[in-house]
Amino acid sequence: MIELLEKSLDELQNLFESYEIPKFRGKQLIDYIYHRHIFDFQEMTQFPKELRQWLIEHCSISLPTVVTESVAPDGKTKKLLLQLADSSRIEAVLMKQHYGNSVCVSSQVGCAMGCVFCASTQGGLFRDLTVAEIVSQVLLFAQLEGEDIHSLVVMGAGEPLQNYDNVLKALQLIHEPTVFNISYRKMTISTCGWVPNIYKLADEGLPITLALSLHATTNEVRRTIMPVGAYHALDEVLEAVHYYYERTQRRVTFEYILIDGVNASFKEAHQLGEIGKKFPNCHINLIPVNGNEHIDLYKPSNENMNTFKDIVSSYGLSVTIRKEMGDAIQAACGQLKVAHGRKEEIHE
Ligand code: SAH
């Protein structure tokens, strides 16, 4: 079967040509899927019967099924727990911001990175998501809301740079004017620091925003909370991020989880300021760690978090403490899935 959620307009038109189907049907099909949200070929009544039959026999539109939908009390954050064809489950989050609708997508089922604070990695990596599975997370929210999606962050479960080809192809599709028409500047890939693919992404020449999950200012601390630190030393990661900045001229974001007693001392705030200073225009996003019964970590007091922030900004840097928008609905990476129980997944 040909998976339509993996095809660009060009690819569809070429496919149709090779079957002697008029090219303009490609645009109509894209319109049905991404704008009218019609996924049943029988309902594509603009198409002649023979074409509908051909689509039924040759093509599929594989959307995950929605297991649960949770909405934060303020109605601004929605989270979907989705079930894929092989019964794996993933999460996607919609955040209604003042500048528009932003969707956070997962890139893998599970994750191999093993960060100690992260719920997504607790069962290890099961598999990479396909292009269609990444695109469909955006499509489901567009359908559910009946609204355009304006920006995209690849910050859900998984390490996107370890599923490089599928993530990049999905972003290219999402970018297409006939699909979601989201500019690359409004897309962010968050990575724990998978160095070779930071260079690779830099060389694609796309103005995608890079966010680095830094989370520590020394190799010693970083290694204790992020096993990837044993593969790539901090200097090596920061050098790659610098290269990314040089190539794309995009403002880099550093994410820094604040974990009481682990990485949130005021000395570390100064060290973070020193690191940030080397990246012109960078933004530092401080994230109060989100614990749960499986993750026995705590955020510092509000007072200490504010002092930490003030120290970092005294280095002339743009710093924010992330609003815990999703807290009420367990939107931190992988938490809904964990809370909902993973037993029903076939592979577990
Ligand atoms: N693998 C990628 C993207 C997924 S995680 C990465 O590491 O960047 C997205 C962000 O959520 C990362 O910055 C991650 O460190 C953070 N995160 C994971 N678990 C968290 C938790 N319990 N509390 C707060 N932030 C968390």
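The values are calculated or read from the model by the stated rules, or taken from the named source; none is laboratory data. Worth saying up front: this structure is predicted, and the values here are computed from it rather than measured. With ideal geometry, Cβ positions are generated from the backbone for all residues, glycine too; neighbour counts draw on all protein chains shown. Heavy atoms of the whole protein, side chains included, go into the accessibility calculation; ligands, DNA and RNA do not. Shrake-Rupley method; radii C 1.70, N 1.55, O 1.52, S 1.80 Å.
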Completion exercise
Excluding residues fewer than 8 positions from LYS23 in its own chain, the lysines with Cα under 19 Å of it are LYS7, LYS49
Exercise for the section: Taking only protein heavy atoms into account and a 1.4 Å probe, give the accessible area per residue of the chain in Å². Expected result: 43
Handout entry: the chain - percent of accessible surface contributed by carbon and sulfur, probe 1.4 Å
Key = 49
Problem - Lys, Arg +1 and Asp, Glu -1 on Cβ, resulting dipole of the chain about Cα centre, debye, nearest 20 - result: 660
Handout entry: Proximal lysines relative to LYS309, as straight alpha-carbon distance under 22 Å, when same-chain residues fewer than 8 apart are discounted
Key = LYS267, LYS277, LYS278, LYS299, LYS323
Exercise for the section: May I have the convex hull volume per residue, in Å³, for the Cα set of the stretch 1-100? Expected result: 130
Completion exercise
Ordering 49-57, 77-85, 9-17, 181-189 by per-residue average of other C-beta atoms within 10 angstrom, highest first, gives 77-85, 181-189, 9-17, 49-57
Practice task
Could you calculate the FRET efficiency of ASP296 with LYS323 from 1/(1 + (r/R0)^6), where r is the beta carbon distance between them and R0 is 22 Å, rounded to 0.05?
Solution key: 0.40
Practice task
Kindly express, to the nearest 10 degrees and within the range 0 to 90, the angle between helix 24-34's C-alpha long axis and the longest C-alpha principal axis of the chain.
Solution key: 50
Exercise for the section: Within 10 Å, count the other beta carbons around each residue, average over each peptide in 297-306, 311-320, and list them highest first. Expected result: 311-320, 297-306
Exercise for the section: Tell me, rounded to the nearest percent, the portion of alpha carbon pairs in the chain spaced more than 35 Å apart. Expected result: 24
Handout entry: Of all DSSP beta bridges in the chain, antiparallel share, percent nearest 5
Key = 45
Handout entry: On Cα atoms only, tilt of 266-277 relative to the major axis of the chain in degrees
Key = 50
Problem - C-alpha long axis of helix 234-248 to longest principal axis of the chain, angle in ° - result: 50
